[in-house]
Amino acid sequence: MLKFIRTLSTNQRLAALALVLGVVAIPATPAGSGRATISAREMTWLMSRGADRVDPRTLADWIIQGRSDYRLIDLRDAAAFAAGPRIPTAENIPVAALEDAGLAPDEKILLVAADGARAAQAWFLLTAQGYTGVAIVRGGIRGWTEDVLYPNVDGMSAAARARAEAVSAHFGGSARMGGGAAIPLPPSLSQAAVPPPPPSATKAAPRKKREGC
């Protein structure tokens, strides 16, 4: 087992740790079926095969196409979800509330979070309870921001660049050029999305009136 763990990437080791923490925090006891029978090695293998990942650009295409054959679950707490950015169609269900969310065991469920550990914990929890269609949005909210809202189009072909710009504009973002360009704070996706305005020039402090003569 130790030899197997050494072959995992850092993200996969974090996911394995999340499994342990998830099992300790929330026992995997699906109703009427007892404890889960899927082992940590089996779930880590599934993750390493990439079967549990959906690329942000793929998700963007699904949203544009109007697909409704999946549920997108945003795992952030209510305050972080409200602050944005938010992905269209996403439902806000924190990890602790997943068991009472009315999810169907056979439906396609996409998980997105601010960090990989939280998404991995939720993935392990649901998979261990017998949910068969669970996947994680690659890169989480940051991946959505960098790949969809504000993609770097340097080095892209003309066709790829045009598509990236069109998708970005659809969601209220704008493409970037230059590897060092900073990503602006995305607008809230729950509102009428428009690209954020450029930062205004710093205003000079008002001059203090001279007193006396």
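Observations
- Members of segment 107-131 found to be of a type in the set (D, E, K, R) and modelled with pLDDT of 90 or more, listed by number: 107, 108
- When segment 124-143 is filtered for residues that are over 27 Å from residue 173 (Cβ atoms) and surrounded by 15 or more Cβ atoms within 10 Å (Cβ to Cβ), the ones remaining, listed by number, are 124, 125, 126, 127, 128, 129, 130, 131, 133, 134.
- Residue within segment 133-142 that is free of Cβ contacts under 8 Å to residues at least 60 places away in the same chain and out of contact with any Asp or Glu (no Cβ under 8 Å at 6 or more places or on another chain) present: yes
- Residues that are under 17 Å from the mean Cα position of the chain (by Cα) and of a type in the set (Gly, Ala, Ser) within segment 52-71 comprise just one, 60.
- Candidates in segment 93-109 are the residues that are touching a Lys or Arg at 6+ places or on another chain (Cβ under 7 Å) and surrounded by 20 or more Cβ atoms within 10 Å (Cβ to Cβ); of these, the one that is nearest to residue 56 (Cα to Cα) is 109.
- Checking the stated criteria, residue 157 turns out not to satisfy the condition of being surrounded by 15 or more Cβ atoms within 10 Å (Cβ to Cβ), modelled with pLDDT of 90 or more and polar (S, T, N, Q).
- Within segment 48-71, if we keep just the residues that are over 21 Å from residue 103 (Cα atoms) and not small (Gly, Ala, Ser), the residue that is modelled with the lowest pLDDT turns out to be 49.
- Members of segment 112-163 found to be polar (S, T, N, Q) and closer than 16 Å to residue 93 by Cα, listed by number: 121
- Tabulated pairs, segment 94-115, first part of a helix (DSSP H, G or I), second modelled with pLDDT of 95 or more, C-beta under 8 angstrom, 6+ apart or interchain: 95/75; 98/73
The values are calculated or read from the model by the stated rules, or taken from the named source; none is laboratory data. Just so it is clear, the structure is predicted and the values come from calculations on it, not from any experiment. Cβ coordinates were reconstructed from backbone atoms using ideal geometry, including for glycine residues, and neighbour counts include every protein chain displayed.
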